[in-house]
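The values are calculated or read from the model by the stated rules, or taken from the named source; none is laboratory data. This one's a predicted model, so the numbers in the text were calculated from it and none came from an experiment. Don't worry about glycine lacking a Cβ; one is built from the backbone with ideal geometry, like all the others, and counts go over all protein chains shown. Surface areas here come from the heavy atoms of the whole protein model, side chains and all, with no ligands, DNA or RNA. Shrake-Rupley method; radii C 1.70, N 1.55, O 1.52, S 1.80 Å.
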Amino acid sequence: QCEAHGVPNVDLIGTLMGAMAGFFGVQPRGVPGLLHTVSADYYRRMEAIEFTVKSDDGREPGNLPKADMVLVGISRTSKTPLSTYIAQKGFKVANVPLVLDVPPPAELAEVDPARVFGLMIKPDALLQIRRARLERLKMAPDTSYGQRDHILREIYYARSIFERNPSWPVIDITGKAIEETASDILRIYKQRGLLHSNSN
C-alpha cells in the first residue's frame, strides 16, 4: 500500500525476523496479534483474581472451602498482597485475619488442611510496621494496635491456633519480599501434590 501510494517505507521487522528464524531454526507463524490473543489461561487468572478480591480479609467465609489455598495470619502479615500476587498465577486464594480472642470462622475447619498456610512475623518487625501505619493514618501511637504487649498477645494467640493445626505450614514473612514468600508457599503447595495445571 505504501508503494502504491508513493509513501516512503522502511521494513523494520522483516530483516530481524529473518535473522531470528535462521538463528533458531524455526519459521515465524506470520499471524499478526498473537501476543494479544486471549487464552483459557487468561480467563482462569481473571476468575482467580475476582475470587481472591471477594474473599479478602475474611469476607465471604463461605468461599473458604472453594479456595485453592487459604492464608491465615494476624494483621499486617501481608495476607492481601500475597493473595493477590498468587491469584495472578491462576490460584483462587482466600485469606483469614486472626483477631485476638475471636475464633476463626467455622468454615475454615471445612478446608483441606493441606491447603491452609499460616503467616507469622517477628514482634519487633510487626511493631515497626504497625507504628508506621498509625503514623500514616494520623492515629494516636498509643492505641493497642501499635503496642508491643498487645502485639505479643496477638502473636501468642496466632501461635496457639497454628499449634492446634499442625498440618498448616507456618511461614515467617519477616524481612521477605512478597515474591519470596509466595515462592515458598507455592513450593510447599507443589510438594503436597496440589499444584494444578492452571498455574504458570
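Only residues that are outside any loop (DSSP other than H, G, I, E, B) and either surrounded by 10 or more Cβ atoms within 10 Å (Cβ to Cβ) or of a type in the set (Val, Ile, Thr) (or both) were counted across the stretch 23-46, and they come to 6. Within the stretch 1-22, the set of residues being among the polar types (S, T, N, Q) and outside any helix (DSSP H, G or I) comprises GLN1, ASN9. Contact annotation: residue pairs with Cβ atoms under 6 Å, 6 or more positions apart or on different chains, pairing a residue in the stretch 114-138 that is among the small types (Gly, Ala, Ser) with a partner that is outside any strand (DSSP E or B), are ALA114/ARG192; GLY118/PHE162; GLY118/TRP168; ALA125/THR174.
The requirement of being open to solvent by less than 40 Å² (accessible area, probe 1.4 Å) and either under 26 Å from ARG164 (Cβ atoms) or not in a loop (DSSP other than H, G, I, E, B) (or both) is not satisfied by ILE49.
Of the residues in the stretch 94-124, how many are among the β-branched types (Val, Ile, Thr) and touching a strand residue (DSSP E or B) at 6+ places or on another chain (Cβ under 8 Å)?
Final tally of qualifying residues: 4.
Does GLU107 qualify as being within 16 Å of ILE74 (Cβ to Cβ) and not hydrophobic (A, V, I, L, M, F, W, C)? Taking the combined requirement at face value, the residue does not satisfy it.
The residue that is nearest to LEU100 (Cα to Cα), among those in the stretch 143-164 that are open to solvent by 50 Å² or more (accessible area, probe 1.4 Å) and not in a helix (DSSP H, G or I), is GLN147.
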